[in-house]
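What follows is a single structure, written as structure tokens, with notes after it.
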Amino acid sequence: MTLVFGKLINAFNDWAVGKASLAELNRKTGNFTLYFVYIFAGKFTLVYLHTTCFTIAATRMTRGLRLAYIKAILRQEIAYFDTCTPGSVATRISTNANLIQTGLGEKVGIATMGFSMLISAFVVAFSQQWKLTLVTATTLPAGKWSCYVVLREC
């Protein structure tokens with residue numbers, strides 16, 4: 001998407017300095033608009049599939065976890081239930097399973113998407129301007145370290 005946007009800006013710059021005519025600018029703008037529509041449709045489809053797959057996987061894992069928890073609870077001695085307050089076992093399984101399902105369904109998906117975006121950003125940056133990317137990539141650890149130090153002091 002960044003590459004298409006950069007080429008669109010180059011088309012506007014070419015028209016502004018007189019290297020391209022208005023008809024050529026209109027043609028290029030129409031092509032880049034179609035590229036944006038295709039990219040949006042592809043991204044929408046992939047994010048939908050990504051979210052659906054992670055949600056289904058988290059639901060299945062949570063269902064198995066709840067079943068294993070129920071089996072483990074039923075293997076306990078009856079005296080164990082005398083020490084518990086009424087409804088605490090059901091509340092514990094429901095709360096913990098919902099937290100795990102949220103973590104597996106949303107948080108793992110968001111982390112995976114963020115990591116893949118980081119890698120793809122570096123791939124695009126190195127493919128376009130590898131020297132500039134190499135110089136600016138060296139400042140990334142220093143920036144992360146300074147944010148860590150500042151946040152730790154607060």
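The values are calculated or read from the model by the stated rules, or taken from the named source; none is laboratory data. Bear in mind the structure is a predicted one, so any value in this text is a computation, not a measurement. Counting neighbours? That spans all protein chains shown, and the Cβs are built from the backbone with ideal geometry, glycine included.
Is one or more of the residues making up segment 1-8 in contact with a helix residue (DSSP H, G or I) (Cβ under 9 Å, 6 or more places away or on another chain), closer than 28 Å to Val108 by Cβ and of a type outside the set (A, V, I, L, M, F, W, C)? Yes: one or more hits. Residue count for segment 110-154, restricted to those that are within 30 Å of Tyr69 (Cα to Cα) and either of a type in the set (Asp, Glu) or modelled with pLDDT under 85 (or both): 0.
Assessment of segment 42-53 against the conditions (modelled with pLDDT under 85 and surrounded by 12 or more Cβ atoms within 10 Å (Cβ to Cβ)) yields no matching residue.
Quick one: is Phe36 over 22 Å from Gly6 (Cα atoms) and not β-branched (Val, Ile, Thr)? Taking the combined requirement at face value, the residue does not satisfy it. Scoring Lys19 on the criteria (1) assigned to a helix (DSSP H, G or I); (2) at pLDDT 90 or above leaves a single failure, condition (1). Scanning for something part of a helix (DSSP H, G or I), over 21 Å from Gly103 (Cβ atoms), at pLDDT 90 or above and over 24 Å from the mean Cα position of the chain (by Cα), does segment 74-92 turn up at least one residue? No, because not a single residue in segment 74-92 is part of a helix (DSSP H, G or I), over 21 Å from Gly103 (Cβ atoms), at pLDDT 90 or above and over 24 Å from the mean Cα position of the chain (by Cα). Looking at the structure I just gave you, is Arg75 surrounded by 11 or more Cβ atoms within 10 Å (Cβ to Cβ) and not aliphatic (A, V, I, L, M)? So Arg75 fails the test. Per the conditions (1) surrounded by 11 or more Cβ atoms within 10 Å (Cβ to Cβ); (2) under 24 Å from the mean Cα position of the chain (by Cα); (3) under 30 Å from Leu140 (Cα atoms), the sole criterion not satisfied by Gly114 is (1).
Residue count for segment 7-38 under the criterion of being surrounded by 13 or more Cβ atoms within 10 Å (Cβ to Cβ) and either basic (Lys, Arg) or touching a residue at least 24 places away in the same chain (Cβ under 8 Å) (or both): the result is 7. Filtering segment 93-111 down to residues that are of a type in the set (Val, Ile, Thr) and under 17 Å from Leu46 (Cβ atoms), which residue is nearest to the chain's Cα centre (by Cα)? Among residues in segment 93-111 that are of a type in the set (Val, Ile, Thr) and under 17 Å from Leu46 (Cβ atoms), the one nearest to the chain's Cα centre (by Cα) is Ile110.
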